[in-house]
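The values are calculated or read from the model by the stated rules, or taken from the named source; none is laboratory data. Just so you know, these numbers come straight off a predicted model, no measurement behind them. We place every Cβ from the backbone using ideal geometry, glycine too, and count neighbours over all the protein chains shown. The accessibility values were calculated without ligands, DNA or RNA, using every heavy atom of the protein model including side chains. Shrake-Rupley method; radii C 1.70, N 1.55, O 1.52, S 1.80 Å.
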Amino acid sequence: MERTLVLLKPDCVQRRLMGRLLARFEDKGYTIAAMKLMRVTPELAKRHYAEHVHKDWYPELEAFITGGPIVAMAVEGPEAIRVVREMVGVTNGLKAAPGTIRGDFSTSQQQNLVHASDGPESARRELAIFFTDAEIVG
Ligand code: CDP
Ligand code: MG
């Protein structure tokens, strides 16, 4: 059993795709163990995207991720970290395979709807940024 952090990014909320994207994880058989609608502050964005803070495109990413509400979720189930990444698809929506969330819903490298942790260490680190232990109830 694994838990991974999924963020429904501001473009997902703005495009009213929350329900459809959440349904993909539920349809797969995964459990939503925690969920909240919230705003990402610049400070939170820098913590979450620590590996990208020094990249030239980081300021645009921060403006995007802080630009509207997001939904943060802990998604739980067997091999959830790898499988959810595969369900999300590669970063650029133009390159993501059909059948993946980004492949089906995004044509953008930045506005790609969903974040998913990329490994066990990232999942642990990122879940702790968005949720206290008590908030993970699944
Ligand atoms: O989200 P993922 O792990 O697939 O991609 P990443 O390379 O870790 O980048 C994190 C996020 O930054 C992406 O999901 C995009 O939203 C954004 N990004 C961007 O704005 N411009 C880029 N050139 C690359 C990524
Ligand atoms: Mg990444």
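For first residues located in region 125-138 and acidic (Asp, Glu), partners that are at pLDDT 95 or above and in a loop (DSSP other than H, G, I, E, B) and lie 6+ apart or on another chain with Cβ distances below 6 Å form the pairs GLU126/SER117. The set of residues from region 76-90 being open to solvent by 80 Å² or more (accessible area, probe 1.4 Å) and within 15 Å of ligand 2 (Cβ to nearest atom) comprises ARG82, ARG85, GLU86, VAL90.
Residues in region 1-30 that are of a type in the set (A, V, I, L, M) and either under 12 Å from the mean Cα position of the chain (by Cα) or open to solvent by less than 60 Å² (accessible area, probe 1.4 Å) (or both): LEU5, VAL6, LEU7, LEU8, VAL13, LEU17, MET18, LEU21, LEU22, ALA23.
Every residue, every condition in (1) modelled with pLDDT under 95; (2) surrounded by 13 or more Cβ atoms within 10 Å (Cβ to Cβ); (3) out of contact with any helix residue (DSSP H, G or I) (no Cβ under 6 Å at 6 or more places or on another chain), yes or no:
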residue	(1), (2), (3)
ASN92	no, yes, yes
SER108	no, yes, yes
GLN111	no, yes, no
SER117	no, yes, no
GLU121	no, no, yes
ARG125	no, yes, yes
THR132	no, no, yes
ILE136	no, yes, yes
